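First up is the structure itself, then whatever we jot down about it.
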Ligand code: 13P
Ligand code: SF4
């Protein structure tokens, strides 16, 4: 039963004590978050994983790319475990290394040595390594603006992988016109650009997206504006450009949490991000009204794969001396991916 599983997880945590570190992303289920040593957004968790030197085992409650990052930043003696290997990220899956290398050949034919690759951390270790090798870096939603500014100090234009929306929203906020952005379609291996002069292109956006954040729409915002005008709208920049423009505030998971936490009592918020976080904010800040912008709710199904049963299974395996679901990035990939991560950090 759930309560038996909870009891056993508590026992194992007490037994392993400092040998175990259990970070959890803000989008994880409550049943998992209750056992977290730390909760955070992807940037915070990357930094915390890099700092922890005590634990032999890091049981990462998040998705695959986050566990890979934790592995790359952790000490070689530490073992990173993802409780369910199916906890991937549909956005990260939209850019594979072969497509990226193929795209790079075409893009360098078009633009020579004027492009810098930047990848959202929501990407495979191989894509991070590709960026590291080619002078680029990783970004998160918390530092995307400063990283894009940095990229333009290095090169005239950038390739932003794999989330077109975060790339477009960030570049737009930095004053780049939408007409000066093109989209790279990895399936057709083709640049999609509506203007006439390729020289004008400053940002090439990989055609990827988050299936959770793309479900927020301008119609949902219009409905709030019309029928619940006292609500303020706050969304994650993985939402489409139209949704971000129509909202009152946009920013990373950390920004959303801080904005709501610091808002005046009695304020009302419609939030465009993953529903576990929205529900937790609503439960935590009861002096405010906090609802999801999407009436149909929108779980990140892969984040939700980590549950009590998978967590307990991972911990039992550790106790039995037979850890499973170890995330281990090969040395060559790690070397270059760390260059990209360290440029960001
Ligand atoms: P954060 O960087 O805001 O934690 O976002 C990670 C993520 O996967 C959002 O969908
Ligand atoms: Fe990936 Fe979107 Fe889930 Fe974040 S919310 S882990 S980007 S699928």
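Read-outs throughout are calculated quantities, based only on the coordinates presented, and are distinct from any laboratory measurement. Everything numeric in this text was worked out from a predicted model, so none of it was measured. In this analysis, Cβ positions are derived from the backbone assuming ideal geometry, glycine residues included, and neighbour counts consider all displayed protein chains.
Going from the residue with the fewest nearby Cβ atoms within 10 Å to the one with the most, 205, 158, 312 rank 312, 205, 158. In this simple spin-label model, placing a label point 7 Å from the Cα along the Cα-to-Cβ direction at both residue 185 and residue 98 gives a separation of 2.0 nm.
Here the gap between residue 297 and residue 109, fully extended at 0.36 nm per residue and compared with their Cα-Cα distance, gives a gain of 63.3 nm.
Compared with the direct C-alpha span, the chain from residue 289 to residue 335 gains 11.9 nm at full extension, assuming 0.36 nm per residue.
Listed by Cβ neighbour count within 10 Å, with the fewest neighbours leading, 269, 104, 206 appear as 104, 269, 206. Peptide packing for 330-337, 165-172, 17-24 was compared via the average number of neighbouring C-beta atoms within 10 Å per residue; ordered from the highest value, the list is 165-172, 17-24, 330-337.
By DSSP, the beta bridges lying fully in the chain are antiparallel in about 10 percent of cases. For the range 121-148, the residues whose backbone nitrogen is under 19 Å from a point 7 Å from the Cα of residue 211, taken along Cα to Cβ, are 122-124. Computed extension gain for residue 5 through residue 37, at 0.36 nm per residue and net of the alpha carbon distance, reaches 9.7 nm. Put in order of Cβ neighbour count within 10 Å, fewest first, the listed residues 97, 234 become 97, 234. Overall size of the chain from C-alpha positions, given as principal axis extents largest first: 65, 55, 31 Å. Looking at the square roots a ≥ b ≥ c of the eigenvalues of the Cα gyration tensor of the range 92-206, which shape do they give, rounded for a/c under 1.5, prolate if a/b is larger than b/c, or oblate? Since a/c stays below 1.5, the shape of the range 92-206 is classed as rounded. In whole Å, how far is the Cα centre of the range 268-336 from that of the range 1-78? Cα centroid to Cα centroid, the span is 11 Å.
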